[in-house]
Amino acid sequence: MSKTVLVTGGTGYIGSHTIVDLVENGYDVLSVDNNSRSSIGMLEGVEKITGKKIKNYKVDLCNFDETRAIFEENASLVGVIHFAAFKAVGESVEKPLLYFQNNMQSLMNVLQCIEEFGIPNFVFSSSCTVYGNPDQIPVTEETPRKQAESPYGLTKQMGEQIIEAFAASNKKTNSILLRYFNPAGAHDSALIGELPIDRPQNLTPVITQTAIGKIPQLTVFGNDYPTRDGSCIRDMIHVCDLAHAHTLALNYLIEEKNNFNCEIFNIGSGDGITVLESIKAFEETTGMKLNYTIGGRRPGDVIAIYANNDKARSALGWVPKYGIKEIMSSAWKWEQYIKHLPQHLSLPSKRLN
Ligand code: WQD
């Protein structure tokens with residue numbers, strides 16, 4: 001049986017880390033990424049780590065014919081892992097139609113090809129954002145989806161519902177939805193990591209860019225929340241732990257351990273940490289003093305969320321290896337490495353669309 005997996009969004013942050021994990025676990029990998037939000041140079045880092053050159057199809061998955069051609073050329077794929085999507089919460093509020101068109105059209109094209117070519121396994125990049133502001137934490141996979149906090153979150157909720165309906169009508173393909181919490185950190189080689197296109201929105205790259213001087217001062221968006229120190233609570237998950245969850249999810253489907261042909265798993269550390277505690281962890285781990293101030297709340301922020309990850313632990317055999325210290329130390333190591341990256345690894349100076 002083929003061990004070839006197609007990873008969409010393969011030159012992105014989580015995609016590239018997942019390719020490393022897949023290769024290290026015996027899979028052959030193909031990538032498709034139009035590099036509108038990522039750098040093809042990331043696959044150079046993957047090659048340095050794994051010794052494998054990864055082929056990337058520079059295709060916009062919103063173009064059905066070009067997408068279909070990839071499947072026609074690789075009809076014996078054992079699975080598809082779908083990361084490709086826009087994911088900036090703030091941008092999605094400014095440009096909702098861009099997010100609906102890009103994230104949904106690409107998903108639909110991939111699913112149509114999976115159906116036409118009978119690809120047996122599909123893993124979808126979902127997000128804890130589908131829970132909205134949960135009434136109870138930690139959240140389990142049975143926690144109901146609530147009003148999405150942004151158009152980005154709505155694309156993840158719609159994506160899940162589309163795949164659930166697809167699975168109900170197509171018993172030949174088995175799907176898994178992985179709900180990520182807050183991905184952060186970098187591969188310990190510092191050869192791959194997160195490459196925000198312009199000013200980052202997510203906490204960890206803002207921390208490291210503040211520490212290195214790219215951002216003058218970090219603003220903590222609110223310390224008047226009903227939490228232990230007033231700042232929001234999140235579940236930070238190391239990107240390498242997250243990457244390995246994809247390999248285990250694929251193994252689970254290939255070994256036909258699934259009970260249904262569409263299953264959901266929370267992929268979070270299971271630990272809630274506040275924004276201020278994350279900053280403290282960075283300072284303690286790196287010895288750096290971070291220049292930050294307390295500002296007003298950011299609209300759309302969830303007060304507190306973290307995962308009950310029992311299901312992934314028991315069904316997938318997934319056990320997160322890294323904690324906040326490794327997240328912060330690896331993120332800082334990567335931030336210092338980026339300065340030396342060859343020019344061609346640098347991203348487009350502005351979003352291409
Ligand atoms: C975390 C906390 C901020 C920046 C989003 C998406 C999720 C996933 C990850 C894609 C919040 C605070 C942040 C700053 C701050 N998306 N913060 N100052 O919003 O939890 O999740 O990104 O992978 O689906 O919803 O992540 O890192 O933006 O914010 O105080 O400069 O850090 O207010 O409480 P978020 P985040």
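Listed values, structure above:
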quantity: Added length on full extension, which subtracts the Cα-Cα distance from 0.36 nm per residue, V319 to E72; calculated: 85.3 nm
quantity: Magnitude of the charge dipole, the range 4-345, Cβ model with Lys/Arg +1 and Asp/Glu -1, debye to 20; calculated: 520 debye
quantity: Cleavage-rule hits (trypsin sites (Lys or Arg not before Pro)) in the range 39-90: DSSP loop, at most 11 neighbouring Cβ within 10 angstrom; calculated: K53
quantity: Structure-based [θ]222 nm, the chain - -39500 (n - 2.57) summed over DSSP H runs of at least 4, per residue, nearest 500; calculated: -11000 deg cm²/dmol
quantity: Share of alpha-carbon pairs per 20 Å distance bin for the chain, given as whole %; calculated: 31, 62, 7
quantity: Charge dipole magnitude, Cβ of K and R +1, D and E -1 - the range 234-353, Cα centre, debye nearest 20; calculated: 520 debye
quantity: DSSP-defined beta bridges in the chain - what % are antiparallel, rounded to 5; calculated: 5 percent
quantity: Nearest-ten-degree value, helix 64-73 long axis tilted from longest Cα axis of the chain; calculated: 60 degrees
quantity: C-alpha long axis of helix 275-286 to longest principal axis of the chain, angle in °; calculated: 90 degrees
quantity: Two-site FRET efficiency, L97 against N202, from Cβ-Cβ distance with R₀ of 25 Å, rounded to 0.05; calculated: 0.60
quantity: Value of relative contact order over the chain, rounded to a whole percent, pairs C-alpha under 8 Å and six or more apart; calculated: 21 percent
quantity: Net lengthening on full extension, R145/I40 (0.36 nm per residue, minus Cα-Cα); calculated: 34.3 nm
quantity: Cα centroid separation, the range 124-148 to the range 1-39 (Å); calculated: 26 Å
quantity: Positive-pole candidate from I192, N308, I215, dipole of the chain, charges at beta carbon; calculated: I215
quantity: Fully extended contour minus Cα-Cα distance, from K280 to S189, at 0.36 nm per residue; calculated: 30.4 nm
quantity: Per-residue HN-Hα couplings for the range 94-110 [Karplus 6.51, -1.76, 1.60; θ = phi - 60°; Hz; x = Gly/Pro]; calculated: 6, 10, x, 5, 4, 5, 5, 5, 5, 6, 7, 4, 5, 5, 4, 4, 5
quantity: Cross-link table K48/K325; K48/K289; K48/K333, entries beyond 28 Å C-alpha to C-alpha; calculated: K48/K289
quantity: Dipole of the range 30-163, positive direction: furthest Cα of N103, S31, Y131, with charges on the beta-carbon; calculated: S31
quantity: Unit charges on C-beta of K, R, D, E only; dipole of the range 33-150, Debye; calculated: 340 debye
quantity: Neighbour cut-off at most 14 other Cβ (10 Å), DSSP loop, GluC sites (Glu not before Pro), the range 250-326; calculated: E255, E256
quantity: Cα long-axis angle, helix 151-169 against the chain (0 to 90 degrees, to the nearest 10); calculated: 30 degrees
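Taken together, the values in this text are just the output of simple stated rules run on the coordinates, not laboratory data. Computed from a prediction, not measured in an experiment: that's the story for all the values here. Cβ atoms come from the backbone with ideal geometry, glycine included; neighbour counts cover every protein chain shown.
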